[in-house]
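Working notes for the structure below.
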Amino acid sequence: MKSYGQFCPLAQATQLLCERWTLIIVRELIAGSTRFSDLQKGVPLMSPTLLSARLKHLTLAGVIEHVKTSSGQSYQLTQAGEELRPLVELLGVWGHRWAQSDLSSGDLDAGLLMWDMRRSVDPSIFPDHRVVVQFEYPDAPKGAGQWWLISENKEVDLCLKDPGYEVDILISCALKTMTSIWICEQSFNAAAASGDIVIKGEPVLAKCLQAWLRSSVLPRLGRQGSIPPLEWGNG
């Protein structure tokens, strides 16, 4: 990014952070993603080469550090990176209030939606035994219309291929409908009552869906009107 030629701390900070994708990568790190493959899921339209370049830039700037662990390599926020948390939260809340997407097809992404749902759902709502929730998006691009969220022992896993387990709940709706629920434009129960969502399966478990699918973190904060400590979940 070309320098502003100013000593102002704001100018220096924006030179570092306001390149395309940079704050979105920071958002993913704050949300708990540490592995390169998980970061890719949060920025599916970003090329691996550009993601690598942005991560290197953030590392050199001292915002993140590259750590070798027993399970491989990971990226972690430094103190400087952690101090970006309230900035990212405030920008997200502002965006929910004043710059919402109109949910045109160009802003819809089934993979990003399901990845965000996977790390934000509340598995404690369901019993410890395995519960499989299948999602069908008839209008999604080919290869992205079927997803499975598996809740077991208070953990949630996401599958794009049929895991082979018996499905407890089947949810079918337009991708735009589920996205609007996720960004708090409507409630899950209201969409189900209007017929925008079709739910099949175990009635007792189905009643838990509104609480289980909690909606995305930043839109929830935007509706609350304040910035309490966040529970982002793990990537």
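The values are calculated or read from the model by the stated rules, or taken from the named source; none is laboratory data. All values reported here derive from a predicted model rather than from experimental measurement. So basically every Cβ, Gly included, is an ideal-geometry build from the backbone, and we count neighbours across all protein chains shown.
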For segment 182-189, does any single residue satisfy the condition of being part of a helix (DSSP H, G or I), surrounded by 15 or more Cβ atoms within 10 Å (Cβ to Cβ) and within 21 Å of the chain's Cα centre (by Cα)? yes
Here are some conditions: (1) surrounded by fewer than 17 Cβ atoms within 10 Å (Cβ to Cβ); (2) in contact with a helix residue (DSSP H, G or I) (Cβ under 7 Å, 6 or more places away or on another chain); (3) assigned to a helix (DSSP H, G or I). Ala193 meets all but one. Which one does it not meet? (2)
Go through segment 49-153 and tell me which strands (runs of 3 or more DSSP E), entirely inside it, have 2 or more residues that are surrounded by 15 or more Cβ atoms within 10 Å (Cβ to Cβ). 72-77, 131-136, 146-152
Residue within segment 155-167 that is surrounded by 15 or more Cβ atoms within 10 Å (Cβ to Cβ), modelled with pLDDT of 90 or more, in contact with a Gly (Cβ under 7 Å, 6 or more places away or on another chain) and not in a loop (DSSP other than H, G, I, E, B) present: no
Step by step: first the residues of segment 10-48, then only those that are surrounded by fewer than 19 Cβ atoms within 10 Å (Cβ to Cβ) and basic (Lys, Arg), then the one that is farthest from the chain's Cα centre (by Cα). Which residue is that? Arg20
